[in-house]
Every structure is written in structure tokens, then in C-alpha cells.
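S.K.: This structure is in C-alpha cells; I'll ask about it shortly.
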């Protein structure tokens with residue numbers, strides 16, 4: 001097992017590899033991989049697979065027809081070198097994703113560049129930097145002569161940015177076999193905070209049916225679906241509770257055909273977020289209990305929460321361990337709540353200890369100013385290496 005005395009050696013090795021880390025980061029960013037381009041995501045997956053094969057890992061592609069292939073990397077020591085090492089129950093699962101929110105060609109508008117110690121480019125923070133530090137964390141442990149006494153699975157999925165529709169089952173399958181899950185989503189803010197809580201997230205749609213009529217000749221014969229939409233939007237806004245971390249926000253309103261026709265149909269899209277599973281369930285019940293306000297109107301609710309929350313009880317022990325290891329490495333880490341969801345939400349909901357935000361440090365995810373602080377790459381890789389070696 002890695003000891004506190006070995007931690008400076010791990011960090012020193014990674015600091016000597018910062019140029020190589022930046023070089024691999026550039027290669028990853030230049031290899032664009034938007035979720036909706038299977039060829040691009042698969043090409044990027046193949047590039048990373050080559051990096052891991054060079055390090056002796058077992059690499060498996062999980063083929064998908066309607067999305068990019070997922071990549072599963074299994075790191076086990078050479079059986080010939082396992083003498084005296086007792087296997088421990090439960091694997092360690094490290095989660096990341098290959099896809100980004102940027103369409104192919106974005107690299108021409110926001111090219112990879114390094115300025116004042118920061119690297120810029122599409123996906124550099126979310127989350128190609130996280131994929132890079134995983135490679136170098138393993139390099140550091142190999143350099144230190146450490147061999148895992150648990151099976152370690154790195155699962156890089158292809159559709160996290162669009163809700164993990166084809167990967168959720170795989171994530172949950174691996175999580176059920178795991179003693180802990182480490183999520184390489186970027187840290188929160190330039191302070192590098194780990195994410196010990198994440199809100200449940202989802203999208204619902206209210207479908208409203210009214211009755212059409214001439215807006216001038218006989219408006220009373222109609223049932224105005226847009227009016228019903230407005231009344232329901234006001235009702236939904238009353239579900240918000242910022243103190244409890246609940247947000248229910250109508251975000252897209254659609255309805256009507258012509259200015260002189262009472263609209264017979266309307267749709268309202270609603271963004272849903274909640275900090276706790278109990279509040280998530282309560283909001284779901286409120287949505288399902290919605291009834292029309294205008295006589296003659298009809299409505300149905302579709303969708304709902306798609307990711308359960310990551311609550312602190314799922315991450316507390318791992319965060320305590322990470323904070324202790326960071327101190328041994330010579331820096332500190334804090335914790336925070338993230339309003340958005342990740343694949344760590346799924347694993348935490350299964351009761352598996354999960355720590356998120358272990359990826360790189362930077363700012364501006366999903367924006368033209370997305371950036372990574374290069375000097376923090378070695379620290380984050382060292383922290384990941386230390387966790388893998390001590391869990």
C-alpha cells in the first residue's frame with residue numbers, strides 16, 4: 001500500500017511530466033468528439049485506447065449503434081508479479097466521458113492555445129483534461145512500483161452530455177460491483193473544489209389541449225391553451241424553494257398557430273432540480289398531480305427527473321480521505337454543491353460511495369472561454385493516484 005512517505009515522490013514524478021501531460025491534452029482537444037457524431041467519438045476512443053494499451057491495460061470497446069462506443073479499461077497487475085498481494089473485495093470504478101458539447105469544426109473558431117499558464121479549447125475542461133490525468137496517474141503509480149490489489153475499471157462513456165441514455169445501464173452494472181466510484185468531472189471553480197453533492201436533474205413537458213375558435217367572431221367558444229399554459233407556469237413557479245435547493249423553471253413555451261385563432265394546443269418545457277431524493281420524489285408527485293385550471297382544458301405531463309441526486313452521505317468518507325491525501329501532497333481541497341448532474345448521480349443513488357469533481361481545475365465549461373490551469377494537472381493526477389492506491 002502507498003504510504004504518506006511516498007506521496008511527494010508521486011507528485012514529483014508528475015511535475016516532471018507536466019509537458020507531456022499538456023501535449024496529450026492538446027491531442028485530445030484537437031480530436032473533436034461531439035456526442036452526436038459517432039465517427040468522431042469513436043475515433044477519439046480509439047486514440048485513448050492506444051494510450052492505455054501502451055501501458056499494458058486491458059481495453060474493451062462496448063459497441064453502440066446509435067451512439068459512440070463506450071470504452072472500458074481494466075487495470076490489473078501482471079499475475080506473475082502478484083505474489084504476496086491479496087486481492088481485496090470490490091473494484092474501484094473511475095468514470096469519465098469521451099463526448100463534448102461542441103460540434104465538429106468548433107476547433108477552428110476556438111483553437112487550442114496556451115496563454116499565461118492556461119490551456120483553452122473545446123472540451124479541454126469538460127472533460128478531456130480528466131481523461132488525461134487518469135493516464136498519468138497510472139504512470140505515476142507504475143513508476144513508484146505500486147500494483148493494485150483491487151480491480152480498477154476506467155469507464156469512458158460516449159453520451160454523458162446528452163443524458164447517458166445508452167451508458168446508464170453499463171455505469172450502474174459496474175457500480176454495483178464497486179467499493180467506490182471516482183468521477184473525473186472537472187473540479188468546481190479555480191479553487192479546485194471537489195463535488196460532494198449534486199442536484200437531481202431532469203426535464204418535464206406539459207402538453208396542453210384546449211379548443212380552437214375565431215379570436216374575433218366567437219372567442220368564448222374556445223379554450224385558450226396558451227392561457228392554460230401561463231396559469232400552469234405560474235403554479236409551477238410556486239414549487240421553487242431556493243433554501244432547500246429546489247428549482248422548477250419553465251424554460252420553453254410553445255403554442256398557437258395564428259394571431260386570430262384561439263390556440264388549441266400548447267407545450268411547456270420545465271427544467272427540474274432538487275438536492276435530495278425526498279424532494280425529488282415530492283416534486284415528481286406534484287407534477288403528476290397537476291390538473292387543468294380552465295374549464296375544458298386538458299393536460300398531460302411527460303418526462304421528469306432523469307438523474308437522482310448525489311447526496312453528501314454518499315461522498316463524505318471519500319472526501320475525508322481525499323482531503324487527507326491532498327494535505328500529504330502539499331495542497332488543500334474543499335468541497336461544494338454542483339447544480340448540474342453527472343454520471344456520479346447514478347452510482348450514488350445505488351448506495352455506492354461516490355466522489356465527484358476529481359478532474360482538472362479551470363473555468364468556463366461549455367463556453368468559448370473553457371480553460372484549464374496547467375499547473376494544477378500534476379496535483380490532480382497525484383490526488384487520483386493516491387486515491388487509487390489507498391482505497
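The values are calculated or read from the model by the stated rules, or taken from the named source; none is laboratory data. The structure displayed is predicted, hence computed values, not measured ones. Cβ placement follows ideal geometry from the backbone for every residue including glycine, while neighbour counts extend to all protein chains displayed.
S.K.: Kindly evaluate residue 227 against the criterion of being surrounded by 14 or more Cβ atoms within 10 Å (Cβ to Cβ) and either free of Cβ contacts under 8 Å to residues at least 40 places away in the same chain or assigned by TED's automatic domain parsing to the domain that holds residue 269 (or both).
M.R.: On the way: surrounded by 14 or more Cβ atoms within 10 Å (Cβ to Cβ): yes; either free of Cβ contacts under 8 Å to residues at least 40 places away in the same chain or assigned by TED's automatic domain parsing to the domain that holds residue 269 (or both): yes.
When the stated conditions are applied, residue 227 passes them.
S.K.: Taking strands (runs of 3 or more DSSP E) that fall entirely within the range 113-209, which contain at least 2 residues that are in contact with a helix residue (DSSP H, G or I) (Cβ under 9 Å, 6 or more places away or on another chain)? Walk me through how you get there before you give the answer.
M.R.: Working: elements: 113-115, 118-120, 152-157, 178-183, 194-198, 200-209.
The qualifying strands (runs of 3 or more DSSP E) are 118-120, 152-157, 178-183, 194-198, 200-209.
S.K.: Could you tell me whether residue 163 is under 15 Å from the mean Cα position of the chain (by Cα), within 25 Å of residue 30 (Cα to Cα) and at pLDDT below 95?
M.R.: Judged against the criteria, residue 163 is a match.
S.K.: Go through (1) surrounded by fewer than 23 Cβ atoms within 10 Å (Cβ to Cβ); (2) modelled with pLDDT of 95 or more; (3) within 15 Å of the chain's Cα centre (by Cα) one by one and return the number of the condition residue 118 breaks.
M.R.: (3)
S.K.: Does the range 156-163 contain any residue that is in the same structural domain as residue 16 (by TED's automatic domain parsing), in contact (Cβ under 8 Å) with a residue 24 or more places away in the chain and surrounded by fewer than 20 Cβ atoms within 10 Å (Cβ to Cβ)?
M.R.: yes
A quick yes/no check of all residues on (1) surrounded by fewer than 20 Cβ atoms within 10 Å (Cβ to Cβ); (2) modelled with pLDDT under 95; (3) out of contact with any helix residue (DSSP H, G or I) (no Cβ under 8 Å at 6 or more places or on another chain); (4) on the phi > 0 side of the Ramachandran plot:
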| residue | (1), (2), (3), (4) |
| --- | --- |
| 350 | yes, no, no, no |
| 359 | no, no, no, no |
| 365 | yes, no, no, no |
| 371 | no, no, no, no |
| 374 | no, no, no, no |
| 380 | no, no, no, no |
| 384 | no, no, no, no |
| 390 | yes, yes, no, no |
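S.K.: So for the range 236-246 (the condition being crowded, with 16+ Cβ neighbours inside 10 Å, part of a helix (DSSP H, G or I) and either touching a helix residue (DSSP H, G or I) at 6+ places or on another chain (Cβ under 7 Å) or in contact (Cβ under 8 Å) with a residue 24 or more places away in the chain (or both)), does at least one residue qualify?
M.R.: Among the residues of the range 236-246, at least one is crowded, with 16+ Cβ neighbours inside 10 Å, part of a helix (DSSP H, G or I) and either touching a helix residue (DSSP H, G or I) at 6+ places or on another chain (Cβ under 7 Å) or in contact (Cβ under 8 Å) with a residue 24 or more places away in the chain (or both), which makes the answer yes.
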